[in-house]
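Here's the structure, in structure tokens; my notes come after.
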Amino acid sequence: MKTLASIFATAVAAVALAVPAHAQQLAPSPTIDAIKARGFVQCGANGTVAGFGLPNAQGVWSGLDVDVCRAVAAAVLGDASKVRYTALTAQQRFTALQSGEVDLLVRNTTWTLSRDVSLGLTFTGVNFYDGQGFIVKKSAGIKSAKELDGATICVQPGTTTELNLADYFRANKLKFTPVVIERLEENIAAYLAGRCDSFTTDVSGLASIRASNVPVPADHVILPEVISKEPLGPSVRKGDQRWADVVRWTFYAMLDAEELGLTSANIDSMLSSTNPAIQRFVGATGGFGAMMGLDNKWSYNIIKQVGNYAESYQRNIVPLGIERGVNRLWTQGGLMYNPPIR
Amino acid sequence: MAVSSAGSGGRRGSSMRLSLNDPTFRAIFWQIAVIGGFVLIVWWLISNTLHNLEVRAIATGWNFLSREAGFAIGESIIPFEPENTYSRALLVGILNTLRVSIIGIVLATILGTFVGIGRLSKNWLVSRICSVYVEFMRNLPLLVQLFFWWAMFQDAFPGPRQALQPVPGVFFSNRGIKIPIPAEHWVHGWMAAACIVGIVAGVFVRRWARARQATTGQQFPVFWASVGLALGLPFVVWLFGGAPVAMDWPALRGFNFQGGLTLTPEYAALLVGLVTYTGGFIAEIVRAGILAVPHGQTEAAAALGLRKGPMLQLVILPQALRVIIPPMTSQFLNLTKNSSLAVAIGYPDLVSIANTTLNQTGQAIEGIAVIMGAYLTVSLSISVFMNWYNKRIAFKER
């Protein structure tokens, strides 16, 4: 009798499992299969910019971008620590993603049309709204980027930065001399030595440099002009739609949690919440994880182990002296807005 | 093995059999098999790459060359603006690479020759200094040396507003060395043409002088005549052009100097780094070349009554050059290829610009192909020239 019952139970369970799986027709995802098989997410990160992706003295990575990698690992594998990082330069990053060396690229990368369309990659969202600016020495007595006519400007190659710089000076009919140096460290050295009057990159990067790479931060000012739109976000290879969905909704889950007031500290107590949105979020109802081929606890794991977007921002970006600004939630007048999880 | 046995088979004059036991057939069979295999591998690589690029939706082709580049380049021989095309940007890169390679090769050869001869000097101090120099330069990685020179140029000189002025009009600052140049004038193009005419005329004078010496035994100061022609003709043209003396003086305006000719710290650091590094290797080659000439040759020349100058020019150098040229070719090629380290210190050479290009367009394979094609062309040109020169000076067996 016992065996008969168990066979019956197995059959019921099999049908119960097979029906939704069949109904959803889960798209195959070679990337997710590979991650599950090897047991960790291979993440392309920066490695030199504090606040976004930087390993500490013990080799533990942290940063806003790194948190996206950790959140993806929490969603797919249930453990945020199962990430291995590949430090990539601006030049290496796309090739690394295209060739499959990394599963996803989260390396303060600007989402542009040409990159989205012709590089064989898909951007899955924007985890930081940035813009390009200039840093100059206070002693130069400059108040505006418009005063930079004739200046020598250090810049890293292989970035939208190089193009924006040329565009800005062309548009304002100003002249400049670029000095294009591959590595960030040498760029900063050249700027500090006075080889360049200014160094240009995203404002967040400038703030990071001012906070951690110059001897006396007060001797340097970031000019008020922001000369470009730099929506920075994670990207994945084209052709694996389910993987792109997982990365996209992982970040949206971090935003959604902030909006719902869910944090790593309170999410356990919220498991029993009666708010239907929170019930959906923690996986009690809806089965949204299964729709993506993940555990229904995927979003719970993200928040429990990594935290919501506000926590990540507070941990990584605020120490650089950058306010939330446009990166606030839409409910607070910012640009961060996620489609609903339902 | 197969080839030599094929040769012996051919000598026997036997007809070829379609069997692997037949040496001639076996040789042909293996050659076809190897070439066929090679072609297959190349075809597979290319088709596989194209397929993968297509699957991953990565753009391919050369259309990007005619698109607007959009980025600026710090220094260039030809005018370049961000609205110019990628192909022009790449041309700027190639010219910048050539600019540092050609001048580098000339300077490294001069430096290396002096140090190489200096190492053979009987003066203890001179030979020791040269030895230390060679060992120091050869045993430090080039990239480290480049960073060293770069930091030197950056940190040793003051900012443009406190620029040093050793002679009026010449400024040393961390923006580079500024020197005044003659202001633009139409006569300069003609002067350059006159200089080329002078050099060509010098070659003919040399031929004429040789023929005259062979028939009459009289000598002619060929060297001074050639120098006179190469410099004198442009001078005459300059006089005819109204002898313009207006100069383009560098002047501090705003952030930096305007006008004059600039030697940027990046270019200077790269040039000095490449010249001193390669010079160390060339010194050893020159020393080896001179030591390879038996001392008996010097004594024989002295016995014929030749003075020191002609002895070196007519007896020692022609024999030493035979030993020196082939390894020297490798050093010239090394210098050219090593110039690709420029991107580390911010000199816009071919690799730097091609890297930017492939990053903006995402077309890595095409970008790398441009780099490889350009270096291959330059290197093979140097090789062909040096091999020609090597053949020319080679010992003629009669």
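Values quoted throughout were computed directly from the atomic coordinates according to the rules given, and no laboratory measurement underlies them. Owing to the predicted nature of the structure, the values given are computational and were not obtained by experimental measurement. Methodologically, a virtual Cβ is constructed for each residue, glycine included, from the backbone with ideal geometry; neighbour enumeration extends over all protein chains shown.
What is the sum of charges around B:GLU75, taking Lys and Arg as +1, Asp and Glu as -1, for the other residues whose C-beta is under 11 Å from the C-beta of B:GLU75? Spell out each step's value before the answer.
Working: positive: B:ARG99; negative: B:GLU266, B:ASP349.
With Lys, Arg at +1 and Asp, Glu at -1, the neighbours total -1.
Springs between alpha-carbon pairs under 10 angstrom, Gaussian network model over chain B: which of B:ALA243, B:ALA214, B:ALA268 fluctuates most?
B:ALA214
For B:SER127, what charge total do you get from the other residues with a beta carbon under 13 Å from its beta carbon, if Lys and Arg give +1 and Asp and Glu give -1?
Neighbour charge sum, excluding B:SER127 itself: +3.
Which loop-located trypsin sites (Lys or Arg not before Pro) does region B:84-193 contain, where loop means any DSSP state but H, G, I, E or B and the Cβ has at most 15 other Cβ atoms within 10 Å? Don't skip to the end; give the middle numbers.
Working: sites: B:ARG88, B:ARG99, B:ARG119, B:LYS122, B:ARG128, B:ARG138, B:ARG161, B:ARG175, B:LYS178; in loops: B:LYS122, B:ARG175.
Listed in order of number, the matching sites are B:LYS122.
As a check on your grasp of the helix formula, calculate [θ] at 222 nm for chain A: sum -39500 (n - 2.57) over DSSP H runs of n ≥ 4, divide by the residue count, round to the nearest 500. Could the numbers behind the result be given before it?
Details: 14 runs with 140 residues, N = 342.
It lands at -12000 deg cm²/dmol.
Just to check I understand the Karplus step: with θ = phi - 60° and J = 6.51 cos²θ - 1.76 cosθ + 1.60, what whole-Hz values come out for region A:97-107, glycine and proline as x?
6, 4, 7, x, 5, 10, 7, 9, 10, 10, 9
Kindly write out, for region B:30-41 in residue order, the coupling ³J(HN,Hα) from the Karplus curve 6.51 cos²θ - 1.76 cosθ + 1.60 (θ = phi - 60°), rounded to whole Hz, with x marking Gly and Pro.
Result, ordered by residue: 5, 5, 5, 4, 5, 5, x, x, 4, 4, 4, 5 Hz.
Per-residue ellipticity at 222 nm for chain B, helices alone: DSSP H runs ≥ 4 residues times -39500 (n - 2.57), over residue total, nearest 500 deg cm²/dmol?
-22500 deg cm²/dmol
First check a/c for the protein assembly as shown, with a ≥ b ≥ c the square roots of the eigenvalues of its C-alpha gyration tensor; if it is under 1.5, answer rounded, and if not, answer prolate when a/b is larger than b/c or oblate otherwise.
Details: a/c = 2.79, a/b = 1.61, b/c = 1.73.
Here the protein assembly as shown falls in the oblate category.
What dipole magnitude, in Debye to the nearest 20, does region B:8-164 give about its Cα centre under +1 on Lys/Arg Cβ and -1 on Asp/Glu Cβ? Don't skip to the end; give the middle numbers.
Working: 13 positive and 8 negative charges, 186 e Å.
Magnitude of the dipole: close to 900 debye.
Taking the Cα centre of each part, how many Å lie between region A:120-138 and region B:173-247?
Measuring centre to centre over Cα atoms gives 56 Å.
Once you've got the GNM for chain B with C-alpha springs shorter than 10 Å, pick whichever of B:SER173, B:SER381, B:SER47 has the biggest mean-square fluctuation.
B:SER47
What net charge is computed for the residues neighbouring A:TRP330, neighbours being all others with C-beta under 15 Å from the C-beta of A:TRP330, Lys and Arg scored +1, Asp and Glu -1?
Details: positive: A:ARG324, A:ARG328; negative: A:ASP256, A:GLU258, A:GLU259.
Around A:TRP330, the surrounding residues sum to -1.
Under a cut-off of 19 Å between alpha-carbon atoms, report the lysines in cross-link reach of A:LYS143, not counting same-chain residues fewer than 8 places apart.
Cross-link targets: A:LYS173, A:LYS175.
Kyte-Doolittle cut-off -0.5, length cut-off 15 Å along the helix's own axis using Cα: show which whole DSSP H helices in chain A pass. List each step's numbers first, then the result.
On the way: long enough: A:2-24 (33 Å, 1.27); A:64-77 (20 Å, 1.61); A:160-171 (16 Å, -0.31); A:241-260 (27 Å, -0.21).
Those that clear 15 Å and a mean of -0.5 are A:2-24, A:64-77, A:160-171, A:241-260.
Taking every residue in A:177-190, how many Cβ atoms of other protein chains lie within 10 Å of its Cβ, on average? Don't skip to the answer; put the middle values down first.
On the way: counts 9, 8, 10, 14, 8, 8, 3, 0, 0, 6, 1, 0, 5, 8.
Other-chain Cβ atoms within 10 Å of each residue's Cβ, averaged: 6.
Using Cα pairs under 8 angstrom and six or more residues apart, how large is the relative contact order of chain A, in percent? Before the final figure, lay out each step's value.
On the way: 613 pairs, mean separation 74.7, N = 342.
Contact order relative to length: 22 percent.
Have a look at A:LEU88, A:LEU64, A:LEU271 and tell me which one the Gaussian network model of chain A (Cα, springs below 10 Å) gives the largest fluctuation.
A:LEU271
Considering only B:PHE157, B:VAL323, B:ALA201, whose Cα is most displaced toward the positive end of the charge dipole of chain B, charges sitting on Cβ of Lys, Arg (+1) and Asp, Glu (-1)?
B:VAL323
Using Cα positions and a limit of under 17 Å, work out the aspartates and glutamates in reach of A:LYS146, with same-chain residues fewer than 8 apart set aside.
A:ASP167, A:ASP197, A:GLU225
Are there trypsin sites (Lys or Arg not before Pro) in region B:283-371 that DSSP marks as loop and that have at most 14 other Cβ atoms within 10 Å, and which are they?
Working: sites: B:ARG287, B:ARG307, B:LYS308, B:ARG322, B:LYS337; in loops: B:ARG307.
Those that pass, being in a loop and sparsely packed, are B:ARG307.
Would you work out which of B:THR336, B:TYR347, B:ASN48 lies farthest towards the positive end of the dipole of the protein assembly as shown? Charges go on Cβ: Lys and Arg +1, Asp and Glu -1.
Sorting the options by dipole projection puts first B:THR336.
What is the order of A:TYR313, B:TYR86, B:TYR133, B:TYR389, fewest Cβ neighbours within 10 Å to most?
Values: A:TYR313 24, B:TYR86 28, B:TYR133 18, B:TYR389 14.
Going from least to most buried by this count: B:TYR389, B:TYR133, A:TYR313, B:TYR86.
Answer rounded, prolate or oblate for chain B, using the Cα gyration tensor with square roots of eigenvalues a ≥ b ≥ c: rounded when a/c is under 1.5, else prolate when a/b is larger than b/c, else oblate. Please report the intermediate quantities before stating the final value.
Details: a/c = 1.79, a/b = 1.10, b/c = 1.62.
It is oblate, given that a/c is not under 1.5 and a/b is not larger than b/c.
Going toward the positive end of the dipole of region A:202-277, with +1 on Lys and Arg Cβ and -1 on Asp and Glu Cβ, which of A:THR274, A:VAL214, A:GLY233 do you reach last?
A:GLY233
Charges only on Cβ, +1 for Lys and Arg, -1 for Asp and Glu: so what's the dipole of chain B about the Cα centre, in debye to the nearest 20? Display every interim value, and only then the final one.
On the way: 29 positive and 16 negative charges, 361 e Å.
Charge dipole of chain B: 1740 debye, to the nearest 20.
Please enumerate, by chain and number, the lysines with C-alpha under 29 Å from the C-alpha of B:LYS396, excluding those fewer than 8 residues away in the same chain.
B:LYS308
Taking amide hydrogens as modeled 1.01 Å from N in the peptide plane, which residues meet the under 5 Å criterion relative to A:CYS43, leaving out close sequence neighbours?
For A:CYS43, whose amide H was placed from the backbone, the distant partners under 5 Å are A:ARG84, A:TYR85, A:THR86, A:ASP103.
With charges only on Cβ, +1 for K and R and -1 for D and E, what is the dipole size of region A:132-228 about its Cα centre, in debye, rounded to 20? If you can, show how the numbers build up before the last one.
On the way: 10 positive and 11 negative charges, 56 e Å.
For this selection, approximately 260 debye.
Please report A:VAL60, A:VAL106 as a ranked list, fewest other C-beta atoms within 10 angstrom at the top and most at the bottom.
Working: A:VAL60 10, A:VAL106 32.
The order, fewest Cβ neighbours first, is A:VAL60, A:VAL106.
Please report the antiparallel percentage of DSSP beta bridges with both residues in region A:132-228, rounded to the nearest 5. The partial results should precede the final answer.
Details: 8 of 15 bridges.
The antiparallel proportion sits near 55 percent.
Note down the relative contact order for region B:186-245 as a percent, whole number, built from C-alpha pairs under 8 angstrom at least six residues apart. Kindly include the intermediate steps, with their values, before the conclusion.
Numbers: 54 pairs, mean separation 30.6, N = 60.
51 percent.
Once phi is turned into θ = phi - 60°, what whole-Hz ³J(HN,Hα) does the Karplus curve with 6.51, -1.76 and 1.60 give for every residue of region B:354-371, x standing for Gly and Pro?
So the J values, rounded to whole Hz, are 5, 4, 4, 4, 5, 7, 6, 9, x, 9, 5, 5, 5, x, 5, 4, 4, 4.
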